[in-house]
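Below is one structure; the comments refer to it alone.
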Amino acid sequence: MEQYEPDRLSPVQLAAMRRSFLSGRASLTRRSLLRASAGGALAVGGVGALSACGIPPAGKSQGGVSAEDHSAEEKVVNFSNWTEYMDVDESERRHPTLDRFTRRTGIKVKYTEDINDNNEFFGKIKPQLAAGQDAGRDIIVLTDWLAGRLIRLGWVQKLDPANLPHAYANLSAQFRSPDWDPGRAYSYPWQGISTVIAYNKKALDGIEVRSVSDMLDNPRLKGRIGFLSEMRDSIGMTLLDMGKDPAKFTDDDYDAAIARLQKAVDKGQIRRFTGNDYTSDLTKGDLAACIAWAGDVVQLKADSPDVDFVIPDSGYLTSTDNLLIPNKARHKTNAERLIDYYYEPRPAAEVAAYINFVCPVDGVKTELEKIDKDAADNPLILPDKAMAAKSRAFRLLSSEEETAYEEKFAKLTGA
């Protein structure tokens, strides 16, 4: 089995990782997004960075390694998640859905918000997983690129469909078969993260922006366009605009997308490449339009009548944070019962209402309407069939591709 070698990270990959942690997807806020206003600062939450992972190419998956399952005699499940990624009773600082699961099943959930960055968390659990030992966690939540690599390394367990009837039945079609886990044999999505075009209606002043081409080619928007410092988001949306599939692109396609953006940089069309600090610029109108994360847009729209979004006809990117059971986890059945619980409409709706990300569970609309009708009607939280059909994923990269692509993107952005 291949091992993780930190010295394989190139300087550009390390820079991309730091960039993500400080201002990119790793710092994307959830509930804690400070309502962006002139001079407003952003609170740090954390969705997985989509930048360089630095893990060498994995060989053929050897499958997960189970331990003796102690679920029957140990009524507990150890759940590691990202910060602010669960419903909370603000007055008691408890998690109502977790409490209800415990009352129903008798299984106590030891819930820990100890994931702040994919790379950082991987460093915590890698020694145990590489040695074939219990990492002390029954459920972990990792962003798709790292989830896929752990599956290929054989470090997570195959799920038992018999314990996941709701998950199997209610998983939204757009998330059912990613290239890194076809058929979802090893993972289920916790939440989806969509990349769209956001704009400020007042700043556009009648200019129509419905595509990346509109952003890059209209001289009236010179210096008022923003792209993201996350390679996959900016390149992926550009590839879609060029008629290429981010799940199937070639080196030549990638280079063409870089050239397209470089042209816009050279003529001053793009104001800057940002992390989620674009929210303040967008609200103030310094940015007329930008590539944006839907979780931000949901919250910005609630506070600013000028902010809105568009889904290009060419499509948009969606990634996922995913529930996995590591090798040697002591409570696999309990973990599967908890995963399945969150694919029931009521708890799924409660989480969606609180964190405002893309809910991967079909059938939650009625339950969500009881909690928050605006959320239930928001396609950024519950995409309709037409919107879901436009969703595309960025393919899993080899280590060599990761290094080459990040180097080219760093040169483009000046990182």
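Can you say whether K411 is of a type outside the set (D, E), more than 24 Å from Y342 (Cα to Cα) and at pLDDT 95 or above, as far as the supplied structure shows? Don't jump to the end; show me each part of the working.
Values: of a type outside the set (D, E): yes; more than 24 Å from Y342 (Cα to Cα): yes; at pLDDT 95 or above: yes.
Spelling it out, K411 is indeed of a type outside the set (D, E), more than 24 Å from Y342 (Cα to Cα) and at pLDDT 95 or above.
What about A203, is it assigned to a strand (DSSP E or B) and in the same structural domain as D286 (by the TED database)? Before the answer, list the steps.
Values: assigned to a strand (DSSP E or B): no; in the same structural domain as D286 (by the TED database): yes.
In short, no.
Residues that are within 21 Å of Y85 (Cβ to Cβ): find the strands (runs of 3 or more DSSP E) completely inside the range 279-331 holding 3 or more of those.
Details: elements: 289-293, 307-310, 316-324.
In the range 279-331, 316-324 are the strands (runs of 3 or more DSSP E) which contain 3 or more residues that are within 21 Å of Y85 (Cβ to Cβ).
Would you mind finding the one in A352, A348, A388 that is in contact with a strand residue (DSSP E or B) (Cβ under 7 Å, 6 or more places away or on another chain), among the hydrophobic types (A, V, I, L, M, F, W, C), closer than 14 Å to P189 by Cβ and not assigned by the TED database to the domain that holds A169? It would help to see each step written out before you state the result.
Details: A352 fails: in contact with a strand residue (DSSP E or B) (Cβ under 7 Å, 6 or more places away or on another chain); A388 fails: in contact with a strand residue (DSSP E or B) (Cβ under 7 Å, 6 or more places away or on another chain).
Exactly one of A352, A348, A388 is in contact with a strand residue (DSSP E or B) (Cβ under 7 Å, 6 or more places away or on another chain), among the hydrophobic types (A, V, I, L, M, F, W, C), closer than 14 Å to P189 by Cβ and not assigned by the TED database to the domain that holds A169, namely A348.
For residues in the range 282-303 being modelled with pLDDT under 90 and small (G, A, S), which is farthest from M237 (Cα to Cα)?
Among those that are modelled with pLDDT under 90 and small (G, A, S), it is A302.
Restricting the search to the range 282-306, which residues are crowded, with 21+ Cβ neighbours inside 10 Å and charged (D, E, K, R)?
The answer is D296, and nothing else.
Count, please, the residues in the range 362-386 that happen to be in contact with a helix residue (DSSP H, G or I) (Cβ under 9 Å, 6 or more places away or on another chain) and open to solvent by 10 Å² or more (accessible area, probe 1.4 Å). Give the derivation first.
First, pick out the residues of the range 362-386 that are in contact with a helix residue (DSSP H, G or I) (Cβ under 9 Å, 6 or more places away or on another chain): 362-372, 374-383, 385.
Now narrow it down to the ones that are open to solvent by 10 Å² or more (accessible area, probe 1.4 Å): 362-363, 365-367, 369-372, 374, 377-379, 382-383, 385.
The qualifying residues number 16.
When only residues in the range 160-187 that are farther than 28 Å from P246 by Cα and of a type in the set (A, V, I, L, M) count, which is surrounded by the fewest Cβ atoms within 10 Å (Cβ to Cβ)? Spell out how you get there, then give the answer.
Within the range 160-187, the subset farther than 28 Å from P246 by Cα is 160-166.
If we keep only those that are of a type in the set (A, V, I, L, M) too, we end up with 162, 164.
On the way: A162: 9, L164: 19.
This residue is A162.
Test T366 against the criterion of being part of a helix (DSSP H, G or I), polar (S, T, N, Q) and farther than 23 Å from R100 by Cα, and give yes or no. Let's see the steps before the verdict.
Values: part of a helix (DSSP H, G or I): yes; polar (S, T, N, Q): yes; farther than 23 Å from R100 by Cα: no.
Taking the combined requirement at face value, the residue does not satisfy it.
Kindly evaluate R260 against the criterion of being assigned to a helix (DSSP H, G or I), at negative phi and within 25 Å of the chain's Cα centre (by Cα). Don't jump to the end; show me each part of the working.
Values: assigned to a helix (DSSP H, G or I): yes; at negative phi: yes; within 25 Å of the chain's Cα centre (by Cα): no.
For R260, the condition - assigned to a helix (DSSP H, G or I), at negative phi and within 25 Å of the chain's Cα centre (by Cα) - is not met.
Kindly check whether there is at least one residue in the range 330-339 that is under 25 Å from S391 (Cα atoms), in contact (Cβ under 8 Å) with a residue 40 or more places away in the chain and not hydroxyl-bearing (S, T, Y). Steps first, please.
Taking the range 330-339 as the starting set, the residues that turn out to be under 25 Å from S391 (Cα atoms) are 339.
Remaining after also requiring in contact (Cβ under 8 Å) with a residue 40 or more places away in the chain: 339.
From the residues that got through so far, the ones that are not hydroxyl-bearing (S, T, Y) too are 339.
Yes, some residue in the range 330-339 is under 25 Å from S391 (Cα atoms), in contact (Cβ under 8 Å) with a residue 40 or more places away in the chain and not hydroxyl-bearing (S, T, Y).
S51 - would you say it is outside the structural domain of E230 (by the TED database), touching a Ser or Thr at 6+ places or on another chain (Cβ under 8 Å), at pLDDT 50 or above and buried (at least 22 other Cβ atoms within 10 Å of the Cβ)?
Values: outside the structural domain of E230 (by the TED database): yes; touching a Ser or Thr at 6+ places or on another chain (Cβ under 8 Å): yes; at pLDDT 50 or above: no; buried (at least 22 other Cβ atoms within 10 Å of the Cβ): yes.
It is false that S51 is outside the structural domain of E230 (by the TED database), touching a Ser or Thr at 6+ places or on another chain (Cβ under 8 Å), at pLDDT 50 or above and buried (at least 22 other Cβ atoms within 10 Å of the Cβ).
Just for the range 263-278: of the residues that are open to solvent by 60 Å² or more (accessible area, probe 1.4 Å) and over 27 Å from the mean Cα position of the chain (by Cα), which one is nearest to K222 (Cα to Cα)? Spell out the reasoning first.
First, pick out the residues of the range 263-278 that are open to solvent by 60 Å² or more (accessible area, probe 1.4 Å): 263, 266-267, 271-272.
Of the ones still in play, those that are also over 27 Å from the mean Cα position of the chain (by Cα) are 263, 266-267.
Numbers: K263: 12, D266: 11, K267: 8 Å.
Of everything passing the filter in the range 263-278, K267 is nearest to K222 (Cα to Cα).
Across the range 239-249, what is the total count of residues that are surrounded by fewer than 19 Cβ atoms within 10 Å (Cβ to Cβ) and either farther than 20 Å from E402 by Cβ or over 23 Å from the mean Cα position of the chain (by Cα) (or both)?
Adding up the residues that qualify gives 2.
Checking the condition over 30 Å from D99 (Cβ atoms), in a helix (DSSP H, G or I) and among the aromatic types (F, W, Y), which residue from F409, F394 passes?
Working: F394 fails: in a helix (DSSP H, G or I).
Just a single option satisfies the conditions, and that option is F409.
The values are calculated or read from the model by the stated rules, or taken from the named source; none is laboratory data. Only a predicted model underlies this, so the values are computations on that prediction, with no experimental measurement involved. A quick note on method: Cβ atoms are made from the backbone with ideal geometry, for glycine too, and the neighbour counts reach across all protein chains shown. These accessible areas exclude ligands, DNA and RNA; they are computed on the full protein's heavy atoms, side chains included. Shrake-Rupley method; radii C 1.70, N 1.55, O 1.52, S 1.80 Å.
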